[in-house]
Amino acid sequence: RLLNANTAGYANIKQLNAALWTGNVPVSMRVSSVGDWAARIVPGQTASVLALALQEILAFSKWERADWLKCDIEGGEISIITKDTLLEVAGRIKSWFVEVHATPSASIQDNRERINEVFRSCDYEVENFRTDVIYAKIKNN
């Protein structure tokens, strides 16, 4: 409902009721303990939603390219932003804005550096803002 309300006046925004993940599978989610504004993918929980890989979401949108992709998926960015994933959509996403989160095995800073390296290895220029935000733009484009 909130997404519908926030995007009602924008014809160029397409809604897809699915989570971004590493493959086309159902994933379990739980509401974050800090409120109802955030959710995380957690193994073994009961609430399930459809998840799609990035290339499937691009296919749904029918866009050859995306100018900008915002990724704020509460720690899931570590699983999504890999060299393999970026190579699958090579050249199709011009720039990324990623909010980085700590995960059980790594700090925000460690995860940010890991994601920075993935972007750099796939020909993106990287800028960091605050401790938790990455802006990555494909080079020569």
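Every number in this text was worked out from the coordinates using simple rules, so none of it is lab data. No experiment lies behind these values; they were computed from the predicted model shown. Positions of Cβ are generated from backbone atoms using ideal geometry, with glycine treated the same way; all protein chains shown enter the neighbour counts.
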Hey, what number do you get for the chain at 222 nm if only DSSP H runs of n ≥ 4 count, each worth -39500 (n - 2.57), divided across all residues, to the nearest 500?
-7000 deg cm²/dmol
For a paramagnetic label modelled at 7 Å from the Cα of LYS139 toward its Cβ, which residues of the stretch 87-108 fall within the zone defined by backbone nitrogen distances under 15 Å?
91
Length-normalised contact order of the chain in % [C-alpha pairs under 8 Å, at least 6 apart]:
18 percent
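Given a Förster distance of 25 angstrom, what is the FRET efficiency for ILE13 paired with GLU117, based on the Cβ-Cβ distance and rounded to 0.05?
That gives a FRET efficiency of 0.20.
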Quick one: go through the stretch 70-111 and flag any residue whose amide nitrogen is under 18 Å from the point 7 Å out along the Cα-to-Cβ line of GLN55.
79-94
Need one number: nm distance between label points at PHE129 and GLU74, each 7 Å from Cα along Cα→Cβ, rounded to one decimal.
2.3 nm
